[in-house]
1. Please determine, by comparing only the residues of the range 49-73 that are outside any strand (DSSP E or B) and touching a strand residue (DSSP E or B) at 6+ places or on another chain (Cβ under 8 Å), which one is surrounded by the most Cβ atoms within 10 Å (Cβ to Cβ).
2. For residues in the range 115-144 being touching a Gly at 6+ places or on another chain (Cβ under 6 Å) and not hydrophobic (A, V, I, L, M, F, W, C), which is surrounded by the most Cβ atoms within 10 Å (Cβ to Cβ)?
3. For the range 205-237, enumerate the residues that are under 19 Å from SER51 (Cα atoms) and touching a Phe, Trp or Tyr at 6+ places or on another chain (Cβ under 9 Å).
4. When you check GLN96 against the structure, is it closer than 22 Å to PRO31 by Cβ and either surrounded by 13 or more Cβ atoms within 10 Å (Cβ to Cβ) or not hydrophobic (A, V, I, L, M, F, W, C) (or both), yes or no?
5. So for the range 181-195 (the condition being farther than 30 Å from ALA45 by Cβ and touching a strand residue (DSSP E or B) at 6+ places or on another chain (Cβ under 7 Å)), does at least one residue qualify?
6. Of everything in the range 175-233, what is in a strand (DSSP E or B), over 19 Å from PRO86 (Cβ atoms) and touching a Gly at 6+ places or on another chain (Cβ under 7 Å)? Give them in sequence order.
7. What's the number of the only condition in (1) out of contact with any helix residue (DSSP H, G or I) (no Cβ under 7 Å at 6 or more places or on another chain); (2) surrounded by 15 or more Cβ atoms within 10 Å (Cβ to Cβ); (3) closer than 22 Å to SER70 by Cα; (4) at pLDDT 95 or above that ARG222 fails to meet?
8. Restricting to the range 139-180, count the residues that are within 21 Å of the chain's Cα centre (by Cα) and of a type in the set (S, T, N, Q).
Amino acid sequence: MQFKLLALSAVVLVSSLSAALLRAAPPASGPQVDITSPTDRSRLAWQSQGSYAVTTAYDGKSTRFDEIPSTDVLLITTFVPNTDAPAARRVAPLPQALVDITQSNCMGCHDFNASSGGPSFAAIGNRYAGQPAAAATLAAHIRNGSRGAWGSGSMPPHPDLGGAQATAIANWIIAHGGDPAVLHYVGKSGSFRMIAPGEPGPRAGLVLNAYYTGPLKGGGTRTAAGRNVVIVTGSGS
C-alpha cells in the first residue's frame, strides 16, 4: 500500500513539473532583422534614389554569410505626411499573401513596381480594381495560368498554390498592389525611391520596414527583433 502511494505521488510530482516547465517555456523566437542602411532619421531628396541594406538572422543562420537567401528579405517603404507622429513607427504584421508571393516563383516574371517578364503587381492591381469578380478571375489565372490577358504572352499555372492562397494573393494585389504610397523591394540590399503620392509637406518622409519572409520553424513567428524600422525624411519639397 505504501509503495502504491509513493508511486502515485511520483506521478503527480512529474506531471506538476511538466506543466510548470511548459508554462515557463519561452515563446517561439522570431528573426533578428536590422536595417543597416540608411541610418534612422536621415534626409534624402524627393524623387531621388537611396540605397538600403538589411541583415537578417534566424535559426542560427544569417544573410551576412549567405546562409539565408537574399530573396527571403522584403523591404516596404510607406509614405507618411508626418515622420514625427508616433504612429509612423508602428510595425504592421506582414500579410501571409506577401510571404506566399515572395516564396513562390511569382517573382520570376513579376515585380512589385516595374514591368519585367510580366506586368507589375501595381499594374495588375490597377487593372482589376473595381471590377466585379476580380479576385476570383485573378485567382483562377494564378492557379490555372492564362494566355492573352496581357498581350501575346502567357502565364504558367501554379498548382503548388492552394485555392485559398491564390485568392489571398489576388485580394492583396487588387487592394494594395497599386497603392502609390507603399512600395516593395525584395532582397537584402538594393535601392529605393523617394516618391510621394502627392505634394509632400516639410515633415513628410518614408518609413522603411524590413521583414524576413523565409520558412519558419514549427511554432515560429515573424515578429522580429532588431532595428527593423527606419525613418527617412524627404527634403527639397
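1. Step by step, filter the range 49-73, then rank; the result is THR63.
2. The extreme case among them is GLY125.
3. Listed by number, the residues that qualify are GLY205, LEU206, VAL207, LEU208, ALA210, TYR212, ASN228, VAL230, VAL232, GLY234, SER235, GLY236.
4. It is true that GLN96 is closer than 22 Å to PRO31 by Cβ and either surrounded by 13 or more Cβ atoms within 10 Å (Cβ to Cβ) or not hydrophobic (A, V, I, L, M, F, W, C) (or both).
5. Among the residues of the range 181-195, not one is farther than 30 Å from ALA45 by Cβ and touching a strand residue (DSSP E or B) at 6+ places or on another chain (Cβ under 7 Å), which makes the answer no.
6. SER191, PHE192, ALA225 - these are the residues of the range 175-233 that are in a strand (DSSP E or B), over 19 Å from PRO86 (Cβ atoms) and touching a Gly at 6+ places or on another chain (Cβ under 7 Å).
7. (4) is the only condition that ARG222 fails.
8. Counting residues in the range 139-180 that are within 21 Å of the chain's Cα centre (by Cα) and of a type in the set (S, T, N, Q) gives 3.
The values are calculated or read from the model by the stated rules, or taken from the named source; none is laboratory data. Everything quoted here is computed from the prediction, not taken from an experiment. Here the Cβ is made from the backbone with ideal geometry for all residues, glycine too, and neighbour counts use every protein chain on show.
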